[in-house]
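The values are calculated or read from the model by the stated rules, or taken from the named source; none is laboratory data. No experiment lies behind these values; they were computed from the predicted model shown. Cβ sites come from the backbone with ideal geometry, for glycine too, and all protein chains shown count toward neighbours.
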Amino acid sequence: MKRPPLGGLFLAGMTGSGYRLDMADSEFSPLPEQEDDSLRTRLSWFLSGASMIFSIPAFILMTAHVGFAGFASENGVSLLQASFMVAAIWALPANIVLIGAISGGYSLLGAAIAVALSSIRLMPMVAAFIPEMRGPKTRRITLLFLSHFIAVTAWVMGMERFQHIPRHMRTSYFAGLGMTLTATNSLVVALVYFLSTDFPPIVFAALFFLTPMYFLTSLWGSARDRSIHVAMVSGLVLFPLIHHLAPAYDLLLTGFAGGAATMAYVRWARARAS
Amino acid sequence: MTWHSLTDWWWPYLFILLAGWLPTDIWRYLGVLIGGKVREDSDALIAVRAVATALVAGVIAQLILYPSGSLAESSIFLRIGAAAVGFLAYLRLGRHVIVSVIAAEIVLITGLYFS
């Protein structure tokens, strides 16, 4: 599924979809890249990222936030507070943990620790995302700012789309993608809260199932080498086991154990190939 | 200090920033610092990506096996079956996300109706 940017179509045709960056390629594109850093080009890539709001994954994320608005209002969090949470935290599990802590009467510190535990997973995710997103001249402050918009959906979308975006335009593209997703979902929460839309439980059940199916298929499809598939299968298989043994740290431990299993596979595959 | 400690209008927002934004974005910033040190096409990047991917796979397993809300009342076998059918449909029918989602939803909704 290739989607041309809104503007700058000509440029996109030249550098955007003409080549793919594979693992084996060097950091820079094989073409001598025209350093077209004009504001106009940046804006057109920003808009191209923003236009991803009209995509299936963006729609699925919005349905998840429909559920979140209902959860917030059930727990006595106001419309503005719920909307502010989405924009300021931008990680649905952390939002749900925070509301759970609020309704459980946790202290500020207790709530912060609970949220911190649920958000640790963002660290390896961002660490893997940054080398894909940064261009040769990207400043660290830009990356720090943009990292706020990295959550699971934006991560999966970015990892999938970046290979079609010229490297020095990826930050502009992700700024459009991430900021539009965040702003739109804050509005969705406010709107659904305001209308106090209520659906029968079967609708919510069906909507909540969209998210894992999207993650599962698009993460599988975006893999550029087999190690990603090995990592996915290890994570899927190890999670229930680890959840049983150490429920508080299940996601983090799954990440490390699955990562270790994947590296063992990578070593083995190399040894066999040589 | 809890959510209800102060009645000022700004307190809940400060609470959200200190108990929500700070403990979340701190990990993102650390990720930027770590990711900035990782070189392209290095083994370290393969490792970081493997950890992150396994972790997201863990999130997927969590959403299917231990969901919250309305989905929690459905049978675990129904959810695993629906996910498996959806994933098989993805692999066999031309690798379209939408095909997989529709196949999984058909199984899930049918199962929910007859349970």
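Quick rundown of the values:
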{"read-out": "Failed criterion for residue A:193 (all others in (1) part of a helix (DSSP H, G or I); (2) more than 12 Å from chain B (Cβ to nearest Cβ); (3) modelled with pLDDT under 95; (4) more than 18 Å from residue A:59 (Cα to Cα) hold)", "value": "(4)"}
{"read-out": "Selection count, region A:211-227, where residues are surrounded by fewer than 22 Cβ atoms within 10 Å (Cβ to Cβ) and hydrophobic (A, V, I, L, M, F, W, C)", "value": "2"}
{"read-out": "Residues of region A:67-111 classified as over 20 Å from residue A:150 (Cβ atoms) and touching a Leu at 6+ places or on another chain (Cβ under 7 Å), total", "value": "3"}
{"read-out": "Condition met for residue B:27 (among the aromatic types (Phe, Trp, Tyr) and more than 7 Å from chain A (Cβ to nearest Cβ))", "value": "no"}
{"read-out": "Checklist (1) surrounded by 24 or more Cβ atoms within 10 Å (Cβ to Cβ); (2) at pLDDT below 95; (3) outside the structural domain of residue A:57 (by TED's automatic domain parsing) applied to residue A:159, failing item", "value": "(3)"}
{"read-out": "Some residue of region A:51-68 being out of contact with any strand residue (DSSP E or B) (no Cβ under 8 Å at 6 or more places or on another chain) and over 18 Å from residue A:185 (Cβ atoms)", "value": "no"}
{"read-out": "Criterion (in contact with a helix residue (DSSP H, G or I) (Cβ under 9 Å, 6 or more places away or on another chain), in contact (Cβ under 8 Å) with a residue 24 or more places away in the chain and buried (at least 20 other Cβ atoms within 10 Å of the Cβ)) met by exactly one of A:205, A:190, A:248, A:231", "value": "A:231"}
{"read-out": "Any hit, region A:73-91, residues being touching a residue at least 40 places away in the same chain (Cβ under 8 Å) and within 30 Å of residue B:47 (Cβ to Cβ)", "value": "yes"}
{"read-out": "Test: residue A:55 is more than 22 Å from residue A:195 (Cα to Cα) and modelled with pLDDT under 85", "value": "no"}
{"read-out": "Residue that is part of a helix (DSSP H, G or I) and more than 11 Å from every other protein chain (Cβ to nearest Cβ), where the choices are A:217, A:180", "value": "A:180"}
{"read-out": "Residue that is modelled with the lowest pLDDT, among those in region B:68-115 that are among the hydroxyl-bearing types (Ser, Thr, Tyr) and in a loop (DSSP other than H, G, I, E, B)", "value": "B:68"}
{"read-out": "Residues of region B:38-65 satisfying the condition of being within 7 Å of chain A (Cβ to nearest Cβ) and either touching a residue at least 24 places away in the same chain (Cβ under 8 Å) or surrounded by fewer than 16 Cβ atoms within 10 Å (Cβ to Cβ) (or both)", "value": "B:40, B:41"}
{"read-out": "Condition check for residue A:50: assigned to a helix (DSSP H, G or I), more than 9 Å from chain B (Cβ to nearest Cβ) and modelled with pLDDT under 85", "value": "no"}
{"read-out": "Within region A:98-148, considering residues that are more than 9 Å from chain B (Cβ to nearest Cβ) and closer than 26 Å to residue A:69 by Cβ, the one modelled with the highest pLDDT", "value": "A:99"}
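So that you can scan it fast, the table gives a plain yes or no per residue for (1) at the interface with another protein chain (Cβ under 8 Å from one of its Cβ atoms); (2) assigned to a helix (DSSP H, G or I); (3) not hydrophobic (A, V, I, L, M, F, W, C):
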| site | (1), (2), (3) |
| --- | --- |
| A:174 | no, yes, no |
| A:186 | no, yes, yes |
| A:199 | no, no, no |
| A:224 | no, no, yes |
| A:234 | yes, yes, yes |
| A:241 | no, yes, no |
| A:252 | yes, yes, no |
| A:260 | no, yes, no |
| A:269 | no, yes, no |
